[in-house]
Amino acid sequence: MEIIEKIALVLTIIGGINWLLIGIFDINIVSTIISNKMIDNIIYIIIGVASLISINYLIEEKRA
């Protein structure tokens, strides 16, 4: 499960950087790279699920 948690953390960081670019420069890297709206939504869902996994990882770390 450790590999999944690391992948989730990396995806969450990438998502955070994308939001930073949206906030500062109004540039959405995902939409810029991928022109298909359905694929955009799938990528956002994957990053959202990765964020949930990262929250779980954070909670488990505090218990240990």
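The values are calculated or read from the model by the stated rules, or taken from the named source; none is laboratory data. These numbers come from a predicted model, not from an experiment. Reconstructed Cβ throughout: ideal geometry from the backbone, glycine too, with neighbour counts over all protein chains shown. Each accessible area value is taken on the protein alone, full model and side chains, heavy atoms only, with ligands, DNA and RNA left out. Shrake-Rupley method; radii C 1.70, N 1.55, O 1.52, S 1.80 Å.
Averaged per residue, what accessible area in Å² does the chain show with a 1.4 Å probe, protein chains only?
80 Å²
Using the Cα centre of the chain as the reference point, and only Cβ charges (+1 on K/R, -1 on D/E), how large is the resulting charge dipole? Debye, rounded to the nearest 20.
Details: 4 positive and 6 negative charges, 10 e Å.
Charge dipole of the chain: 60 debye, to the nearest 20.
What span do the alpha-carbon atoms of the chain cover on each of the three principal axes, reported in whole Å from largest to smallest?
42, 25, 14
In whole percent, how big is the carbon plus sulfur part of the accessible area of the chain, probe 1.4 Å, protein atoms only?
Numbers: 3720 of 5120 Å².
C and S atoms contribute 73 percent here.
Heavy atoms of the protein only, probe of 1.4 Å, neighbouring chains included. What is the accessible area of residue 31 in Å², nearest 10?
Around 50 Å² of this residue is reachable by solvent.
How tilted is helix 37-63 with respect to the longest principal axis of the chain? Cα atoms for both, answer in degrees (0 to 90, nearest 10).
Helix 37-63 and the main axis of the chain meet at about 20 degrees.
If R₀ is 30 angstrom, what is the calculated FRET efficiency for the pair residue 40 and residue 63, using the beta carbon separation as r and rounding to 0.05? Present the calculation step by step, with values, prior to reporting the outcome.
Values: r = 36 Å, r/R0 = 1.19.
Between residue 40 and residue 63 the formula returns 0.25.
Which whole-number percentage describes the relative contact order of the chain, with Cα contacts under 8 Å and a sequence gap of 6 or more?
Relative contact order for the chain comes out at 47 percent.
Compute the angle between helix 2-25 and the longest alpha-carbon principal axis of the chain, please, reported from 0 to 90 degrees and rounded to the nearest 10.
For 2-25 against the chain, the angle is about 40 degrees.
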